[in-house]
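Please treat every number below as a calculation from the coordinates, not as lab data. Everything numeric in this text was worked out from a predicted model, so none of it was measured. Using ideal geometry, Cβ is built from the backbone for each residue, glycine included, and neighbour counts are taken over all protein chains shown.
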Amino acid sequence: MTTNPRDPDPYARRPEAVSAPWRDAYMQALDGSTGECDPRGAAPSGCFLSEYWLAPQRDVENHVIARVGSGATGGMILLNRYPYTNGHLLVALGEGRGALTEYAPEQQAALWALVTLAAALAERTLKPQGLNIGINQGAAGGAGVPQHLHAHVAPRWNGDVNFATVVGQIRVIPSALEVMAERYRAEWALMRPGGPTAGAGTSVPDA
């Protein structure tokens, strides 16, 4: 938010809106399916997270960086195909539910552990100046896939929202997804159990 030195209370002003028109292609690609994502059966159309979870042989194509755990507490870290910022990660359990409270306590713990791991992965790989970490729950809460809860880990740098976004209504993402995925995978190979830097500052669960 910009401030005016003559304004006695600049923080009393309304926050500025941030537009994300580059995400329109992603929203248009979704078919609006609200069926429950079920990793034990066929994933419904529009639930790409369950589809990705069920297809580990396509991890490179789907930009899945890491899979951790198995069963009800298993989850994955992947690149967002339509990122807000360079290196934007998504974090999800394999079992799709629409709300955080619909998961069992051990699944909630596994999800947050995976979010922490994704944050560490982003910090080690990209050395960002900050991170946006959060969950959009439900369509009204801004979730693009409301039937499968997922978290966002978005690396941030000073000035990453610039004139191109404001004037041109575009967001400049400097790295191709394939290149970014390889950078993340290289760092994950070091972090994962058995890697040369596993456990260095971050607890890494068994993959």
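Go through the stretch 57-70 residue by residue and turn each phi into a ³J(HN,Hα) via Karplus (6.51, -1.76, 1.60, θ = phi - 60°); whole Hz please, and just put x for glycine and proline.
5, 10, 4, 5, 4, 8, 6, 7, 8, 8, 10, 10, x, 7
Highest mean first, how do 113-119, 61-67 rank when packing is the count of other Cβ atoms within 10 Å averaged over residues?
Numbers: 113-119: 21.4, 61-67: 19.1.
Averaged packing, sorted descending, gives the order 113-119, 61-67.
At A55 and E182, where each label point lies 7 Å from the Cα along Cα→Cβ, what is the point-to-point distance in nanometres?
If labels sit at A55 and E182, their model points lie 2.2 nm apart.
What are the ³J(HN,Hα) couplings of the stretch 143-160, residue after residue, when phi is run through the Karplus curve with 6.51, -1.76, 1.60 and θ = phi - 60°? Round to Hz, x for glycine and proline.
Listing the rounded values in order: 6, x, 10, x, 7, 9, 4, 8, 9, 10, 10, 10, x, 10, 9, 4, x, 6 Hz.
Work out from phi, with θ = phi - 60° and the Karplus expression 6.51 cos²θ - 1.76 cosθ + 1.60, the ³J(HN,Hα) of each residue of the stretch 79-92, listed in order in whole Hz, and give x for Gly and Pro.
These are the phi-based 3J(HN,Hα) values: 6, 6, 5, 10, x, 6, 9, 4, x, 4, 9, 10, 10, 8 Hz.
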